[in-house]
Amino acid sequence: MEAAGVPRAIAALFVLAGAVALLGIAGVWPPVSFGLALGAAIGLVNAVQLAGRVRRLIEAPGRGGLGTAFRFALAALGAALAVRSGGAIDVRAYAAGLLAVPFFLAAAASYERRLPPGARRR
């Protein structure tokens, strides 16, 4: 079972991450913009990978894998990239972008759940 509204929320987050990256390219707080965009992009990849992992576990219980290790390594790689960028990527903005994604997805799913059944779009 898939949470309502999550695919649309993921698409909206991809658009938002792209818009924030464009702000950085345009010169509006570039380190913060790049940090938010990097964090949001890695957070989205983590969310999509986690959703796929949960679906696979529901379909075939007991199959193990490296899902959690991959997600942690990806987040650590983004943090290392932000630290080693020499100030081009703000580390705090990276962390904020990374941690904001699950809350955004939960809020989108909660909003979709509160809509009447006829008003939900998939």
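Just to be sure, is Gly65 modelled with pLDDT under 85, of a type in the set (Gly, Ala, Ser) and out of contact with any Phe, Trp or Tyr (no Cβ under 7 Å at 6 or more places or on another chain)?
Numbers: modelled with pLDDT under 85: yes; of a type in the set (Gly, Ala, Ser): yes; out of contact with any Phe, Trp or Tyr (no Cβ under 7 Å at 6 or more places or on another chain): yes.
Criteria met by Gly65.
Only one of Leu115, Leu23 is surrounded by fewer than 19 Cβ atoms within 10 Å (Cβ to Cβ), in contact with a Ser or Thr (Cβ under 6 Å, 6 or more places away or on another chain) and at pLDDT below 80; which?
Details: Leu115 fails: in contact with a Ser or Thr (Cβ under 6 Å, 6 or more places away or on another chain).
Of the residues listed, the single one that is surrounded by fewer than 19 Cβ atoms within 10 Å (Cβ to Cβ), in contact with a Ser or Thr (Cβ under 6 Å, 6 or more places away or on another chain) and at pLDDT below 80 is Leu23.
Tell me, please, whether a residue that is surrounded by fewer than 18 Cβ atoms within 10 Å (Cβ to Cβ), acidic (Asp, Glu) and part of a helix (DSSP H, G or I) can be found in region 1-10.
Looking through region 1-10, none of the residues is surrounded by fewer than 18 Cβ atoms within 10 Å (Cβ to Cβ), acidic (Asp, Glu) and part of a helix (DSSP H, G or I).
Report the residue count in region 80-89 for those that are outside any helix (DSSP H, G or I) and surrounded by fewer than 17 Cβ atoms within 10 Å (Cβ to Cβ). Don't jump to the end; show me each part of the working.
So in region 80-89, the residues outside any helix (DSSP H, G or I) come out as 85-89.
Still in the running and surrounded by fewer than 17 Cβ atoms within 10 Å (Cβ to Cβ): 85-88.
Of the residues in that region, 4 qualify.
Kindly list, by first and then second residue, each pair from a residue in region 33-47 that is more than 17 Å from Pro7 (Cβ to Cβ) to a residue that is among the hydroxyl-bearing types (Ser, Thr, Tyr) and in a helix (DSSP H, G or I), limited to pairs with Cβ atoms under 7 Å and residues at least 6 apart or on different chains.
Gly35/Tyr94; Leu38/Tyr94; Gly39/Tyr94
Looking at region 50-61, is at least one residue surrounded by fewer than 17 Cβ atoms within 10 Å (Cβ to Cβ), within 17 Å of Ile10 (Cα to Cα), free of Cβ contacts under 8 Å to residues at least 12 places away in the same chain and of a type in the set (A, V, I, L, M)?
Yes; the residues of region 50-61 include at least one that is surrounded by fewer than 17 Cβ atoms within 10 Å (Cβ to Cβ), within 17 Å of Ile10 (Cα to Cα), free of Cβ contacts under 8 Å to residues at least 12 places away in the same chain and of a type in the set (A, V, I, L, M).
Identify, from the list Arg92, Arg56, the residue that is of a type in the set (D, E, K, R), outside any loop (DSSP other than H, G, I, E, B) and either closer than 29 Å to Pro116 by Cβ or within 17 Å of the chain's Cα centre (by Cα) (or both).
Numbers: Arg56 fails: either closer than 29 Å to Pro116 by Cβ or within 17 Å of the chain's Cα centre (by Cα) (or both).
Arg92 is the lone residue from the list that is of a type in the set (D, E, K, R), outside any loop (DSSP other than H, G, I, E, B) and either closer than 29 Å to Pro116 by Cβ or within 17 Å of the chain's Cα centre (by Cα) (or both).
Kindly indicate which of Leu77, Leu98 is at pLDDT 80 or above, under 20 Å from Val48 (Cβ atoms), of a type outside the set (Asp, Glu) and surrounded by 15 or more Cβ atoms within 10 Å (Cβ to Cβ).
Working: Leu77 fails: surrounded by 15 or more Cβ atoms within 10 Å (Cβ to Cβ).
Just one listed residue meets the conditions, Leu98.
The values are calculated or read from the model by the stated rules, or taken from the named source; none is laboratory data. Computed from a predicted structure; not experimentally measured. Please note: Cβ atoms are built from the backbone with ideal geometry, for glycine as well, and neighbour counts cover all protein chains shown.
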